[in-house]
Every structure is written in C-alpha cells, then in structure tokens.
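Only the coordinates and a few stated rules stand behind these numbers; no lab work does. Please read all numbers here as calculations on a predicted model, not as lab measurements. Here Cβ is always computed from backbone atoms with ideal geometry, including for glycine, and neighbour counts include all displayed protein chains.
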Amino acid sequence: MVSGVAPSKPSEEKNVGRELRDAGRVLAAVVNVVCSMAAVFVALFYFGDSVTRDVAMKTLLALGGALIVGVAEGWFFARDWLFDVPSFEKRSAIDHAPGALPPTKAAAKVQVNASDVPRINKQPEAEREK
C-alpha cells in the first residue's frame with residue numbers, strides 16, 4: 001500500500017526558521033496592504049467633504065479608492081509571486097544600467113568648472129585624446 005512512497009531523507013526536512021521567516025514576510029505584506037487600504041479610505045472619506053456632504057457618497061468614494069489600492073497591491077504581489085523576476089540584491093549595479101561605467105573614486109573627485117568648458121572645447125582633437 002505504501003510501497004510506492006519514497007522515504008523522507010534527512011536533507012529534505014524543513015527548516016523551521018525559514019518557515020517562520022516566510023510566514024512573517026507574508027503577514028507583514030498583508031498588514032501593509034490592509035494599512036494602505038485603510039489610509040486611502042480615511043483620506044478619501046475626510047476629503048470627500050469637498051465633493052459632497054452626503055455620508056453615503058463619501059463612503060462609496062472612499063471604498064472605491066480603497067478597492068483600487070487593494071487591486072493594485074494585489075497585482076504587484078501576485079506578479080512577484082507568479083513571475084520569476086530576479087531580485088535586486090543578486091544583481092550588480094552595472095546590470096541595472098547597461099552601458100554605464102562602474103563608479104570609481106577618481107570619477108567622484110573630478111570637478112568641471114564652467115570656465116573650463118570653453119577652453120576644453122577649443123583644444124585640438126589630438127590633445128583631447130590624451
């Protein structure tokens with residue numbers, strides 16, 4: 001009856017710390033979405049007085065804004081979970097801006113004064129290449 005089930009290996013045991021960290025991240029994401037929706041609801045309800053004095057209309061306006069924020073946040077989280085997007089920590093700064101040169105300490109110290117620009121532009125090309 002259980003002959004087709006592979007025995008578990010010690011290397012396949014779940015790491016409790018990793019599970020707790022992942023659960024904490026999901027909980028933080030849910031709290032973030034709920035707080036964002038609540039903040040938009042309160043803001044739109046408060047500033048709804050400039051549109052109408054009717055409490056029902058202000059409530060509908062605030063619920064609509066909160067719903068839009070909830071859908072947007074849900075889309076961003078679903079996109080991150082569904083699609084394999086490389087994280088920024090794994091990529092170097094050069095990968096983010098293709099064609100850009102890596103920053104150096106010497107480049108940070110270079111200053112060009114406005115009075116130097118006309119003199120630089122008047123130099124012959126042979127001297128500029130040096």
Relative contact order in percent for the stretch 15-91 (Cα pairs under 8 Å, 6+ apart) equals 30 percent
Here the FRET efficiency for residue 76 versus residue 51, based on Cβ atoms and R0 = 22 Å and rounded to 0.05, is 0.20
In Å³ per residue, the alpha-carbon convex hull of the stretch 15-91 encloses 116 Å³
To the nearest 20 debye, the stretch 15-91 has a Cα-centred charge dipole, built from +1 on Lys and Arg Cβ and -1 on Asp and Glu Cβ, of 120 debye
